[in-house]
Amino acid sequence: MRQIYWRVLAFVMALGMTIGLAGCGGQQGNDETDGSGNGEKLYIGMAVPLTGDSAMYGETVRDGVQFGVDEINAAGGIDGKQIELIIEDDKGNTSEAAMVAQKLAEDDRLFCVIGHVNSSCTLVGIPIYADAGLAVLNTSSSAANITQQGFTNFFRTVISDDLQAPMMVRHVTENLGLSKVALMVPNSDYGLGLQSGTQASAAENNVEIVASEMYVPNQDKDFSVQLAKIKQAGPEALLILGDYNEAGLIIKQMDAAGMGDMPVVTTASCSNQIMIDLAGVDAAEGVFMLGYWDPERPEDIVKNFVDAWKETHNGGIPDERNAYGYEIPYLIKQAIEEHGATRETLSDVLREKVEYTGPTGLNKFDEYGDVTEKMQMVFVVHDGKFTSWVP
């Protein structure tokens, strides 16, 4: 029933796009553009927000993917074919995402699709791609319910929220020895999924949630009302279940409200220097971040990626989304060159055969399209930087 619901929703939202294309039909393949990979190029679609409130996230994913593509192309491509990305802007909006998905689904050149970024956009796009027989590789949409819809064409390299939330609760109880927490929750699929997971884990670990305050992501800037209610409830720690842009402002406003001594635990989506810059170095000092990407890890694959990135990005350090994006072209490369994947068999190959270790760890998918073996790490802000936390 859920699968039928999402198919109907995606169809309705994409109807305008479909009607507009009815007179001209889909993109037809030829000996250079055949989606089977038989042409001179390998075309891969990508749907990310490049304008709108989520553009900062889409740009980092795009840059990471493009970096991997450029490396592979410089080394001869995939099975002798140069990769060409067909990039569409979904604006982080579900209606736009449906139209973008329909456009990509009708492009017969495409071997597969990378995207989307926002969980809500991904949920809209998956059934459209499934109907077109396209596998979808995803770097960012971590809402737990995405892989519970019954589709077999979706694969994500980021850990599901149903694993991240328990880790945040365990850090509060096992590492900090606290038992009363408050939540700041963005009203989004991502935030609500983390809230649900946090509530379940808190019940299992005898943690009391004394306050749970909502905000509108990419819109709210003043959190004084929510913070006043949280302060009144008297928690021992605050869990921010959102992204780095709001988290930085929340931490800054906590400090101004005299709540600066309260331990703060943030999600992996706060793995960006911008959070610290927004909060201010002093206010951000001691803030915890639960993540999966450490650019200072000693493994060769991490060091080589970071060094190459710094060389071409004026010494900049790749963030989590850059690293996740970078891995996707290499997953596709392994699927084709080592396992003979075609457009029609890519989903089966990814699920049953591919095991690629990239900068963020092992990418091996379960029956639902989730990765389950990537490391989760605790970081703490010290002197204006994220550093590995040692108990």
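Points worth noting:
- Between the residues 382, 157, 127, the greatest Cα displacement towards the positive end of the dipole of the chain, with unit charges on the Cβ of Lys, Arg, Asp and Glu, is found for 127.
- Near residue 214, the amide H atoms lying under 5 Å from its own belong to 185; only residues 5 or more places off or on other chains count, and H is placed 1.01 Å from N.
- Packing, as the average of other Cβ atoms within 10 Å across residues, places the peptides 287-296, 357-366, 343-352, 266-275 in the order 266-275, 287-296, 357-366, 343-352, highest first.
- Cβ crowding within 10 Å averaged over residues, with 107-114, 310-317 ranked highest first: 107-114, 310-317
- Region 186-263 shape via C-alpha gyration tensor axes, a/c threshold 1.5: oblate
- Folded to 0 to 90 degrees: helix 161-170 orientation relative to the chain principal axis, Cα: 20 degrees
- Prolate/oblate/rounded label for region 202-247 (Cα gyration tensor, a/c 1.5): oblate
- Projecting the Cα atoms of 308, 287, 365 onto the charge dipole of region 250-391 (Cβ charges, centred on the Cα centre) puts 308 farthest toward the positive pole.
- Per-peptide average of other Cβ atoms within 10 Å, ordering 155-165, 203-213 highest first: 155-165, 203-213
- Pairs from the table (41/310; 310/353; 310/374; 221/303; 252/310) lying more than 27 angstrom apart at Cα are 41/310; 310/353; 221/303; 252/310.
- The chain shape via C-alpha gyration tensor axes, a/c threshold 1.5: prolate
- Apportionment of accessible area to carbon and sulfur, region 223-308, percent (1.4 Å): 51 percent
- For region 192-276: accessible area per residue (Å², 1.4 Å): 41 Å²
- In the chain, the DSSP beta bridges split such that about 25 percent are antiparallel, to the nearest 5.
- Probe 1.4 Å, protein heavy atoms only - accessible area per residue of region 298-363 in square angstrom: 44 Å²
- Rounded to the nearest 10 degrees, the angle from helix 55-74 to the longest Cα principal axis of the chain is 50 degrees.
- Seen against the Cα atoms of the chain and their longest principal axis, helix 320-337 is set at about 30 degrees.
- Accessible surface ranking for 243, 53, 1.4 angstrom probe, highest first: 53, 243.
- Theoretical ellipticity at 222 nm over the chain - DSSP helices of four or more residues, -39500 (n - 2.57) apiece, nearest 500: -13000 deg cm²/dmol
- Interchain or long-range residues, amide H under 5 Å from residue 114's placed H: 45, 46, 47, 137
The values are calculated or read from the model by the stated rules, or taken from the named source; none is laboratory data. Quantities reported herein were computed from a predicted structural model and do not represent experimental measurements. Glycine gets a Cβ as well: all are built from the backbone with ideal geometry, and neighbour counts include every protein chain shown. For accessibility, only protein heavy atoms count, side chains too; no ligands or nucleic acids. Shrake-Rupley method; radii C 1.70, N 1.55, O 1.52, S 1.80 Å.
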